[in-house]
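Shown next, in structure tokens, is the structure this report addresses.
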Amino acid sequence: SPNPTTAGVELSFQSTGLSPLTLEIYDAAGRLVRTQELGALPVGSQTHYWNGLDGNGSALAQGVYFLRLSSADLEASTRVVLLR
């Protein structure tokens, strides 16, 4: 939340604590624009903030982005609308 957003979004999720997590950000064309290694997080409720930037630290253009959180035992995805 919030979604849509102008600057970034806070993701809330449950961690199993068993394996490292990776966050991947894709644009509407399916191109990978950012990867963040979150590491192994403690079991339970977690939050992570994505600031609307690509892998080079540049602000992404307005549009729809797909966020994929995954590990060896977890996969979740959501859609975020970024407004500029």
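At the residue level, E37 shows approximately 130 square angstrom of accessible surface with a 1.4 angstrom probe and all protein chains present. Of the Cα atoms belonging to the chain, the radius of gyration and Dmax stand at 12.5, 37 Å.
Over the chain, with every protein chain in place, what whole percent of the accessible area is carbon and sulfur at 1.4 Å, could you tell me? Display every interim value, and only then the final one.
Details: 2480 of 4770 Å².
Its accessible area is 52 percent carbon and sulfur atoms.
So for the stretch 7-84, averaging the separation of alpha carbon pairs under 8 Å that are six or more residues apart and normalising by length, what relative contact order in percent results?
Value for the stretch 7-84: 36 percent.
Once C-alpha pairs closer than 8 Å and six or more residues apart are averaged by separation and normalised to the residue number of the stretch 41-84, the relative contact order reads 31 percent.
Comparing T16, T47, T35 in a Gaussian network model of the chain where C-alpha atoms under 10 Å apart are linked, the largest mean-square fluctuation is found at T47.
Using the 1.4 Å probe convention, the accessible area of the chain works out to 57 Å² per residue with neighbouring protein chains retained.
The values are calculated or read from the model by the stated rules, or taken from the named source; none is laboratory data. Every value quoted in this text rests on a predicted model; they were computed, and no experiment measured them. SASA here: full protein model, heavy atoms, side chains in, ligands and nucleic acids out. Shrake-Rupley method; radii C 1.70, N 1.55, O 1.52, S 1.80 Å.
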